[in-house]
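K.L.:
Got a structure for you, questions after.
The values are calculated or read from the model by the stated rules, or taken from the named source; none is laboratory data. Here the structure is a predicted model, which is why all the values come from computation and not from measurement. Here Cβ is always computed from backbone atoms with ideal geometry, including for glycine, and neighbour counts include all displayed protein chains. Protein only, heavy atoms only, side chains kept; ligands, DNA and RNA dropped before computing areas. Shrake-Rupley method; radii C 1.70, N 1.55, O 1.52, S 1.80 Å.
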Amino acid sequence: MTDGTDRHAGGNAPAGFELGTDGPGTIVVGLDGSDSSYRAAAYGAGLARRQGALVAFVYVQPVQAAGAMMGVAVDAITQEVAEGLLAEIRQAVERLGDPRSLRWEFRTFHGDPYHELAKAADDLRADAVVVGVSEHVGHRIVGSVAVRLVRAGRWPVTVVP
């Protein structure tokens with residue numbers, strides 16, 4: 001027999017459980033300009049739109065010490081990539097029609113992709129992280145950003161092929 005009260009709404013909730021929330025509030029999507037990262041962006045944006053969540057697209061400008069030593073303008077190239085990604089995101093959002101149907105932001109960082117994505121997810125208090133599968137052969141040996149994010153165990157991580 002029940003007395004009509006909701007026993008889950010009171011002090012019985014697990015520590016850290018937020019009452020009144022359903023689904024993710026913030027989704028971090030890692031972008032690097034690869035085909036798989038574009039698919040991850042589309043997947044993450046779709047999740048965010050359906051859940052009413054904020055999607056934060058994050059591009060990490062890699063540190064290219066070898067290129068910098070040879071005189072290559074690495075910062076200019078990576079800034080150009082970031083600007084191109086931002087333009088493509090804006091175009092994709094405009095194609096959705098109603099600009100209010102997706103809450104999003106774009107952030108760029110400089111450094112190691114794993115550390116910067118993890119930092120962004122922590123800073124934004126992300127509920128989920130979405131990344132594309134690595135397209136680099138060497139990552140099968142050393143470990144990809146996706147594998148490192150999964151091993152961190154701090155957020156649910158979706159790896160999009």
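K.L.:
Can you pull out the helices (runs of 4 or more DSSP H) entirely within segment 44-161 that have at least 1 residues that are at pLDDT 90 or above, within 16 Å of ILE27 (Cα to Cα) and open to solvent by 50 Å² or more (accessible area, probe 1.4 Å)?
P.N.:
The qualifying helices (runs of 4 or more DSSP H) are 113-123, 145-152.
K.L.:
Scan segment 18-34 and give yes if some residue there is at pLDDT below 90, among the hydroxyl-bearing types (Ser, Thr, Tyr) and more than 19 Å from ALA120 (Cβ to Cβ), otherwise no.
P.N.:
Checking segment 18-34: at least one residue is at pLDDT below 90, among the hydroxyl-bearing types (Ser, Thr, Tyr) and more than 19 Å from ALA120 (Cβ to Cβ).
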